[in-house]
Structure formats: C-alpha cells, structure tokens
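Report on the following structure.
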Amino acid sequence: MAKAANENRTEADKAFVSIYPDINPAEPLGSSIAERIGFACATAVLAFGGAMGDLIIAGSGLALVLFSVIGASMKTPRRVRNEARSRFPQQKWAEYSVNHTVWMLGCWIVIITVVALALFLVPDSQKVIGAAAAAVIAAALIWACPGFAPQKQKQKRNKKEESEQEAAEAPALTPHKQLDDDTQIFESVVPEKR
C-alpha cells in the first residue's frame with residue numbers, strides 16, 4: 001500500500017516537472033521592484049489622504065492600492081504559479097510553509113496608528129508636514145514588510161548560480177520516459193529536423 005502511494009507520488013512529481021518545468025514550489029515568487037514601488041506609492045497616497053482628513057485623496061489612494069494588488073496578481077508568473085498550486089496541491093509549496101499574514105497585519109496596524117495620530121494630534125498649521133511624515137512612514141513600512149519585500153535575495157542568487165553550474169555539468173538526458181500508455185514526459189527539447 002505504501003509502495004503504491006510512493007509510486008503515485010513519483011508519477012505526480014514527474015507530471016508536475018513536465019508541465020511546469022520552470023516553477024520551483026520550494027521558492028516563493030517575490031515582488032518585483034516595480035511592484036514594490038507601486039505598493040509603496042499607493043500606500044503613501046492613502047496615508048497622506050487619511051492624515052490630512054481628505055476623503056478624495058484617501059479614496060484615490062485606496063483605489064491605487066487596490067489597482068496595485070490586482071495588477072500584481074494578474075501578472076503571468078503569478079497566475080501560472082497559482083494554477084500549478086491548484087493542480088498539484090500535494091507539492092510542498094513555499095506559500096503554505098511561510099506565513100507573512102501576521103507581519104502584514106502588523107504593518108497595516110502601525111500604518112493606521114500613525115495616520116490616526118497624525119490626523120488627530122498634529123495641529124492644523126502643520127497638517128501637511130504631519131501627513132507627509134505619515135506617508136513616508138507608511139511607504140517605508142510597506143517597502144520593508146515581509147511578504148512584499150524579497151527576504152532572501154543573496155541565497156536566491158547563489159542557488160541560481162549553483163543550478164546553472166549543475167545544468168552545465170549535467171549529462172545528456174534521455175529524450176523521454178514513458179509514464180503510462182499514452183503519456184510521455186519530455187526531459188529535453190530535441191530540435192526538429194527540417
């Protein structure tokens with residue numbers, strides 16, 4: 001019984017690699033610099049509007065935050081990774097092992113607190129300065145918040161260099177393996193002869 005389960009697991013792993021060869025479940029997909037700039041600027045506009053007490057600026061900041069989140073989620077690598085995660089939930093996905101929800105919630109609570117303090121405690125004569133300070137603090141918190149910010153860039157670069165070296169040293173692979181009667185896994189691309 002356990003042997004059959006292991007064989008099914010191996011076949012599922014082979015199928016995953018054949019369908020999604022460029023996705024590594026153990027490595028989460030971090031935000032790009034452009035996405036982080038978008039998140040930070042949108043949050044800064046939201047915080048500035050909230051600290052000024054201006055609903056139009058705060059509303060446009062909220063729209064920018066929603067636009068940034070939806071735009072980032074619609075990028076092709078995230079959509080493909082989400083599809084792979086839904087088709088192969090048995091893989092050990094990094095998204096399930098690392099929980100950044102507490103950090104994100106904590107950052108938003110700090111941002112709300114800073115904006116509320118700027119709104120209620122800063123005198124009207126210095127409202128713009130207080131709102132600008134709240135916006136800068138909010139942008140800095142979102143920029144550095146785990147979940148938005150890539151946390152292990154150095155290790156990621158080292159792993160990428162190691163995998164490139166291994167790929168260069170790898171022996172020639174067989175053109176395909178037979179999974180069952182109708183399914184084949186192609187391990188390397190063989191150019192078509194013309």
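Evaluate the range 50-62: report whether one residue or more is under 27 Å from residue 96 (Cβ atoms) and touching a helix residue (DSSP H, G or I) at 6+ places or on another chain (Cβ under 9 Å).
no
Of the residues that sit in the range 19-47 and are within 21 Å of residue 69 (Cα to Cα) and hydroxyl-bearing (Ser, Thr, Tyr), which one is nearest to the chain's Cα centre (by Cα)? Full working, then the answer.
Quick first cut of the range 19-47, residues within 21 Å of residue 69 (Cα to Cα) only: 27-47.
Checking the rest, the ones that are also hydroxyl-bearing (Ser, Thr, Tyr) come to 31-32, 43.
Numbers: 31: 5, 32: 8, 43: 18 Å.
Selected residue: 31.
Results for (1) exposed (fewer than 14 other Cβ atoms within 10 Å of the Cβ); (2) modelled with pLDDT of 95 or more; (3) among the aromatic types (Phe, Trp, Tyr); (4) within 12 Å of the chain's Cα centre (by Cα), shown as yes or no for each residue.
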residue: 49; (1), (2), (3), (4): no, yes, no, no
residue: 52; (1), (2), (3), (4): no, yes, no, no
residue: 58; (1), (2), (3), (4): no, yes, no, no
residue: 69; (1), (2), (3), (4): no, no, no, yes
residue: 72; (1), (2), (3), (4): no, no, no, yes
residue: 82; (1), (2), (3), (4): yes, no, no, yes
residue: 86; (1), (2), (3), (4): yes, no, no, no
residue: 89; (1), (2), (3), (4): yes, no, no, no
residue: 95; (1), (2), (3), (4): yes, no, no, yes
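Any chance you could count how many residues in the range 15-27 are closer than 23 Å to residue 99 by Cβ and either modelled with pLDDT under 75 or hydrophobic (A, V, I, L, M, F, W, C) (or both)?
At the first step, the residues of the range 15-27 found to be closer than 23 Å to residue 99 by Cβ are 23-27.
Restricting the remaining residues to those that are either modelled with pLDDT under 75 or hydrophobic (A, V, I, L, M, F, W, C) (or both) gives 23, 26.
So the count comes out to 2.
The values are calculated or read from the model by the stated rules, or taken from the named source; none is laboratory data. Note that the structure is a prediction, hence the values are computed from the model and not measured. Neighbour counts are summed over all protein chains in view; Cβ atoms, including those assigned to glycine, are modelled from backbone coordinates with ideal geometry.
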